[in-house]
Every structure is written in C-alpha cells, then in structure tokens.
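What follows draws every value from the coordinates through simple rules; no lab data is involved. None of these values were measured; they are calculated from a predicted model. No Cβ is skipped: glycine too gets one built from the backbone with ideal geometry, and neighbour counts run over all protein chains shown.
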Amino acid sequence: MDSRELNSPEAIADFVDAFYAKVRVDAALGPIFKDVDLQQHIPKIRAYWRKMLLGDHEGYRRNMIAQHMALHTRHSLHHHHFQRWLALFVATVDEQFRGHAAIQAKRLASTIAVNLEALLDVRRK
C-alpha cells in the first residue's frame with residue numbers, strides 16, 4: 001500500500017478506522033472495547049486527532065482523562081495495555097502514512113500513553 005500524508009480530515013478518518021479495526025480484534029485490547037460504543041466513540045477520536053494534528057477544534061469537546069478513568073474503573077488497565085495500544089498505533093501509522101503529521105501523531109501517542117498510564121496510576125503488570 002502506498003503511504004500518504006496524515007494531513008487531512010479524510011486521512012485522519014482513514015487512520016482512526018484502520019487503527020480501531022486492529023484494536024477490536026486484538027487479544028489484549030479487544031475485550032476492553034467490547035462494551036464501548038465505537039459508533040459513538042470513533043467520531044470523537046477522529047475529532048481529537050484533527051484537533052491535535054490539524055489544529056481543528058471543531059467537534060472535540062471532551063475530557064479525555066475522565067473518559068479513560070471511567071474505562072479504567074470498568075476494566076483494570078495495566079502497563080501492557082498501554083504498550084499494546086501504542087504498538088498498534090505506531091504500526092498503523094507506519095503501514096499507511098508518512099510525513100511530518102505522521103511523525104507528530106506517533107510522538108503524541110507516545111506522550112498520551114505515558115501520561116495516561118501515570119494519571120491512572122497504572123501498575124506495571
């Protein structure tokens with residue numbers, strides 16, 4: 001597959017869709033997302049990444065930390081979950097995208113994983 005820039009709303013939508021297709025069937029992450037309404041969740045995640053990569057603040061009005069705290073309450077998240085999330089994220093970017101925004105997305109994802117893990121006081125299990 002030819003790679004393209006991750007610098008448009010359409011590219012971000014394609015990325016998020018491809019990433020969550022992997023997450024849904026992943027042995028470690030899939031069970032966590034079984035009770036998440038992905039039809040409702042995916043547009044919010046697309047909006048988040050449009051905000052982060054394109055500076056588009058339309059459509060994203062959500063407290064990411066509170067959402068992940070709620071998820072952590074329902075499913076005890078551990079270090080390996082964050083590592084797997086990041087590995088799938090990076091693999092999806094690398095398979096389909098290139099350029100500055102792709103590099104920035106991977107950097108942001110790494111920061112997000114580390115910060116959420118710390119904020120949720122996740123133990124290394």
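Of note:
- Ordering ILE12, ILE103, ILE45 by the number of other Cβ atoms within 10 Å of each residue's own Cβ, fewest first, gives ILE103, ILE45, ILE12.
- Surrounding net charge for LYS22, when Lys and Arg each add one and Asp and Glu each subtract one, Cβ distance under 12 Å: -1
- The P(r) of the stretch 4-119 has a tail past 24 Å containing 19 percent of all C-alpha pairs.
- Proximal aspartates and glutamates relative to LYS22, as straight alpha-carbon distance under 20 Å, when same-chain residues fewer than 8 apart are discounted: ASP2, GLU10, ASP14, ASP35, ASP37, ASP94, GLU95
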